[in-house]
Amino acid sequence: MRTQVGIIGAGPAGLLLGHLLHLAGIDNVVIEARSRQYVEERIRAGVLEQNTVDLLREAGVGQRMDKEGLAHDGVELLFDGTRHRIDFPSLTGGRRIVVYGQHEVVKDLIAARLALDLPLYFEAADALIERFEGDSAAIGFVHEGKKIQLECDFIAGCDGFHGIARQAMPGALDAVFERIYPFAWLGILAHAAPSTDELIYARHAEGFALFSMRSPQITRLYLQCTPDEDLSLWPDERIWEALDRRLGTADGWRPTRGEIMQKGVTPMRSFVCEKMHHGRLYLAGDAAHIVPPTGAKGMNLAVADVRHLARSLARYFDHGDEAGLESYSQTCLKRIWRAEHFSWWMTSMLHRFEDVEPFAARIQESELRYVVSSEAGSRVLAENYVGLPFSD
Ligand SMILES: Cc1cc2nc3c(=O)[nH]c(=O)nc-3n(C[C@H](O)[C@H](O)[C@H](O)COP(=O)(O)OP(=O)(O)OC[C@H]3O[C@@H](n4cnc5c(N)ncnc54)[C@H](O)[C@@H]3O)c2cc1C
């Protein structure tokens, strides 16, 4: 089998890249290790920054997002028992976010791909990057018991943090910058109507908490916990009581309770592999970088990478212009490090660090007070949260 771009991974990065390449008239094949049902039901990110919303609309896959997504004009920071609102449009020239689950974006992209009859192999086993230096590239995989050899001009490694593409990239290990945080998030998905319209980020003596939502019927809530937290020690009642303490305000507001449909622990890590391309192999999304979810940047960064990769590949195939491909890592890394800083900053400002000396705790409190009381401070948070405009 032959194509122009072989894409490994049908997460948001791989599927959107495939769609953008198709719109640019470039053939591509997507292979995915998991089943369609698994990727469509995988609950992860849910905040789309303005750039992501605009791009999905331009690419013709934003109709359901526009109908079912929840447009938000701000977030609230809660500390010392009081909520402080950061208004996005007034601080960013009208930009905002849309709350729409990552798995819904994935469903829309899969539906678009299948409607266009474009090749997408689910449950592709034993994927192997066979060649990516020289004049061409190749991926081998097994589908329905048959070995398939995919010959291509380029390979896009959109296979997430645990995929094979970064492992295959020469020199990747030496280009890694990493920070692992001494805490994690215990996340729940509850069948409960959100009791307020916007996300609430709470700093509390017991630890961070986040109130968010996925739809008018579903609430998504998080509690700071230990990285090896034993979920069996967290019956539903204990989770709701902790959420009440950390998110409750003096006026009696508490999150509405409901049946907990899903519980999980998400580790917190900052990770960048600065080597994002070599020969004919390109990395995009979580394959190259991870952010702690506090800044809501993971999926948005994946989208920014593939937007740039699709444009660079189009310039190459249309005009033989290699400039975009050659500078791919440097161009993406500017945005990646901005998001890494923002995510680290939000994490550092809002979480409880064990053994932190009283001085550092006072610094955290002072920073939060500054962010909510100074227009300049609020704007730093707002413009990063809604996403800085693309520079090209
Ligand atoms: C548990 C969890 C919770 C998260 N929560 C949030 C959140 O609340 N907010 C936020 O902003 N971000 C969150 N993120 C981050 C966000 O979801 C990611 O940044 C986003 O999924 C990146 O998209 P991607 O397409 O690069 O990678 P992925 O979504 O990981 O997609 C990679 C795909 O490649 C496939 N694959 C892997 N190896 C192979 C192989 N060998 N062959 C074929 N296919 C392969 C995988 O099955 C997967 O479908 C979370 C991430 C995780 C893991």
Legend entry - Residue under evaluation HIS19, criteria (1) within 24 Å of GLN262 (Cβ to Cβ); (2) in contact with a helix residue (DSSP H, G or I) (Cβ under 7 Å, 6 or more places away or on another chain), criterion not met: (1)
Inset, instruction - Take region 139-162 and flag every residue that is touching an Asp or Glu at 6+ places or on another chain (Cβ under 8 Å) and buried (at least 18 other Cβ atoms within 10 Å of the Cβ). - result: ILE139, PHE141, GLY160
Legend entry - Those residues of region 336-354 which are open to solvent by 60 Å² or more (accessible area, probe 1.4 Å), among the charged types (D, E, K, R) and either at pLDDT 95 or above or within 15 Å of ALA296 (Cβ to Cβ) (or both), in sequence order: ARG338
Legend entry - Index of the failed condition, ALA156 passing every other in (1) more than 21 Å from the chain's Cα centre (by Cα); (2) under 18 Å from ARG2 (Cβ atoms); (3) touching a residue at least 60 places away in the same chain (Cβ under 8 Å); (4) within 13 Å of the ligand (Cβ to nearest atom): (1)
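In the set THR82, THR92, THR52, which member is modelled with pLDDT under 95 and of a type in the set (S, T, N, Q)?
None of the others qualify; the one that does is THR82.
Would you pick out the residues in region 4-18 that are away from the ligand (no atom under 13 Å from the Cβ) and open to solvent by 10 Å² or more (accessible area, probe 1.4 Å)?
Residue satisfying the conditions is GLN4 alone.
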Inset, instruction - For region 176-194, indicate whether the set of residues that are crowded, with 20+ Cβ neighbours inside 10 Å, modelled with pLDDT under 95, more than 23 Å from PRO12 (Cβ to Cβ) and not hydroxyl-bearing (Ser, Thr, Tyr) is non-empty. - result: yes
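Among residues belonging to region 179-221 that are among the hydroxyl-bearing types (Ser, Thr, Tyr) and outside any loop (DSSP other than H, G, I, E, B), point out the one that is nearest to the ligand (Cβ to nearest atom).
Of region 179-221, the ones among the hydroxyl-bearing types (Ser, Thr, Tyr) are 181, 195-196, 201, 212, 215, 219.
Keeping just the survivors that are outside any loop (DSSP other than H, G, I, E, B) gives 181, 201, 212, 215, 219.
Numbers: TYR181: 14, TYR201: 12, SER212: 8, SER215: 15, THR219: 13 Å.
Ranking the qualifying residues of region 179-221, first place goes to SER212.
Can you name the residue in region 209-224 that is over 20 Å from ARG269 (Cα atoms) and touching a strand residue (DSSP E or B) at 6+ places or on another chain (Cβ under 7 Å) and, of all such residues, is surrounded by the fewest Cβ atoms within 10 Å (Cβ to Cβ)? Walk me through it before giving the result.
Quick first cut of region 209-224, residues over 20 Å from ARG269 (Cα atoms) only: 211-220.
From what's left, touching a strand residue (DSSP E or B) at 6+ places or on another chain (Cβ under 7 Å): 211-214, 217-220.
Values: PHE211: 23, SER212: 21, MET213: 24, ARG214: 20, GLN217: 12, ILE218: 19, THR219: 24, ARG220: 21.
Checked region 209-224; the qualifying residue surrounded by the fewest Cβ atoms within 10 Å (Cβ to Cβ) is GLN217.
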Inset, instruction - Answer yes if at least one residue in region 88-102 is polar (S, T, N, Q) and touching a Lys or Arg at 6+ places or on another chain (Cβ under 8 Å), and no otherwise. - result: yes
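I need the helices (runs of 4 or more DSSP H) fully contained in region 222-330, keeping only those with at least 2 residues that are within 30 Å of GLY62 (Cβ to Cβ) and either within 16 Å of the ligand (Cβ to nearest atom) or at pLDDT below 95 (or both). Outline the logic, then answer.
Numbers: elements: 236-247, 298-319, 323-326.
Fully inside region 222-330 and qualifying: 298-319.
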Legend entry - Only one of SER391, SER373 that is hydroxyl-bearing (Ser, Thr, Tyr), under 30 Å from LEU309 (Cα atoms) and open to solvent by 40 Å² or more (accessible area, probe 1.4 Å): SER391
Inset, instruction - Being touching a Phe, Trp or Tyr at 6+ places or on another chain (Cβ under 9 Å) and outside any helix (DSSP H, G or I) is the filter; apply it to region 346-386 and report the residue that is nearest to ARG335 (Cα to Cα). - result: HIS351
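The values are calculated or read from the model by the stated rules, or taken from the named source; none is laboratory data. None of these values were measured; they are calculated from a predicted model. When we count neighbours, we look across all protein chains shown, and the Cβ atoms used for this are built from the backbone with ideal geometry, even at glycine. To get the accessible areas, we keep the full protein, side chains included, count just its heavy atoms, and leave off ligands, DNA and RNA. Shrake-Rupley method; radii C 1.70, N 1.55, O 1.52, S 1.80 Å.
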